[in-house]
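One structure below.
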Amino acid sequence: MNIDIIKEEILQFKWTLNKILKNKTDAVSAQNWEVAAAFRDEEKIISEYLQTRKNELLEELKNVKQLPSENNNDIILLEELLVLIDA
């Protein structure tokens, strides 16, 4: 598991999600319901992906915690990724 690649991926998806939320809000303000619905669908897909990634990281964290204590850095990095997803 390459933490740097996963972090970059999460940041890209979070950025995209924020952009979609802004566009959806703008579409709702303009009462453009079809466009807002399309953004809502995109939002759902990305949110589900991030939830799946979070579940994978939680499982990885659980596995790492069962290993000897020299894996403390891995534990910290995984916990940081989980915080990043929830931010």
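The values are calculated or read from the model by the stated rules, or taken from the named source; none is laboratory data. If you're wondering where the values come from, they're calculated on a predicted model, not measured in any experiment. Cβ atoms come from the backbone with ideal geometry, glycine included; neighbour counts cover every protein chain shown. Areas reflect the complete protein model, heavy atoms only, side chains present, ligands, DNA and RNA absent. Shrake-Rupley method; radii C 1.70, N 1.55, O 1.52, S 1.80 Å.
Values as computed for the structure displayed
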quantity: Surface per residue (accessible, 1.4 Å probe) for the chain, Å²; calculated: 70 Å²
quantity: Accessible-area order (highest first, 1.4 angstrom probe) of the listed residues Phe13, Phe39; calculated: Phe13, Phe39
quantity: Cα long-axis angle, helix 3-29 against the chain (0 to 90 degrees, to the nearest 10); calculated: 20 degrees
quantity: For Asn63, net neighbour charge (Lys/Arg +1, Asp/Glu -1) across residues whose Cβ lies under 12 Å away; calculated: -2
quantity: Calculated FRET efficiency for the pair Leu11/Asn55, C-beta based, R₀ 22 Å, to 0.05; calculated: 0.75
quantity: P(r), alpha carbons of the chain - 5 Å bins starting at zero, rounded %; calculated: 3, 14, 21, 18, 13, 10, 8, 6, 4, 2, 1, 0
quantity: Lysine-lysine proximity count for the chain, Cα under 25 Å, sequence distance 8 or more or distinct chains; calculated: 20
quantity: For region 48-58, 3J(HN,Hα) per residue [Karplus equation, 6.51 cos²θ - 1.76 cosθ + 1.60, θ = phi - 60°, Hz, x = Gly/Pro]; calculated: 5, 4, 5, 5, 4, 4, 4, 4, 5, 5, 4
quantity: Fraction of accessible area attributable to carbon and sulfur, the chain (%, probe 1.4 Å); calculated: 53 percent
quantity: Nearest-ten-degree value, helix 72-86 long axis tilted from longest Cα axis of the chain; calculated: 10 degrees
